[in-house]
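Heads up, the thing below is written out as structure tokens.
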Amino acid sequence: MTPLKITARDATTGPVLEVTGDLDYASAPELRDLLTALTLRPGQRLVLDLSGLTFCDSSGITALISAHNRAHSADAELALAAVPTHTERILRVVGLDQIIPLYTDVEAAGAGGAT
């Protein structure tokens, strides 16, 4: 089990959250709480950098949906960057890749480049 660590920084397009470790039943509330406290302005893009994500269960997927809902309620966008293969597969199976754009890296996500 790898502890969850979330590092926030600002980019020109909006906030970037680097999520590392396990996003699971025990740790997903931490991400949801951070999202609740996050200030998003209309037109911004919230990028979740998942390059360091080691595990994601259904609670983690629910937290990602919460991130989407949080962005949508602020008239902002959500982008997932550098999604690990094991998590990308789950997102595709449940159809979230049709709702939340997936990008190869943070730069592509911030610029809205090709997936």
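The values are calculated or read from the model by the stated rules, or taken from the named source; none is laboratory data. Quantities reported herein were computed from a predicted structural model and do not represent experimental measurements. Note: ideal-geometry Cβ built from the backbone for every residue, glycine included; neighbour counts use all protein chains shown.
Annotation note: Cβ proximity below 8 Å between a residue of the range 2-30 that is more than 26 Å from Ala108 (Cα to Cα) and a residue that is in a strand (DSSP E or B) and of a type outside the set (Val, Ile, Thr) (sequence gap 6+ or interchain) occurs for Thr2/Gly21; Thr2/Asp22; Thr2/Phe55; Pro3/Gly21; Pro3/Asp22; Asp24/Phe55; Asp24/Cys56; Ser27/Gly21. Every listed requirement among (1) over 19 Å from Val106 (Cα atoms); (2) at pLDDT 95 or above is met by Thr39 save one, (2).
Scanning the range 69-85 for residues that are surrounded by fewer than 17 Cβ atoms within 10 Å (Cβ to Cβ) and farther than 18 Å from Pro3 by Cα gives Asn69, His72, Ser73, Asp75, Thr85. Ala108 meets all of the listed conditions (1) touching a helix residue (DSSP H, G or I) at 6+ places or on another chain (Cβ under 7 Å); (2) among the hydrophobic types (A, V, I, L, M, F, W, C); (3) farther than 27 Å from Met1 by Cβ; (4) part of a helix (DSSP H, G or I) but one, namely (1). In this structure, Leu23 does not qualify as more than 14 Å from Pro84 (Cβ to Cβ), in contact with a Leu (Cβ under 7 Å, 6 or more places away or on another chain) and buried (at least 20 other Cβ atoms within 10 Å of the Cβ). Could you tell me whether any residue of the range 37-58 is farther than 16 Å from Leu91 by Cβ, hydrophobic (A, V, I, L, M, F, W, C), in a helix (DSSP H, G or I) and more than 11 Å from the chain's Cα centre (by Cα)? So far as the range 37-58 goes, yes, one or more of its residues are farther than 16 Å from Leu91 by Cβ, hydrophobic (A, V, I, L, M, F, W, C), in a helix (DSSP H, G or I) and more than 11 Å from the chain's Cα centre (by Cα).
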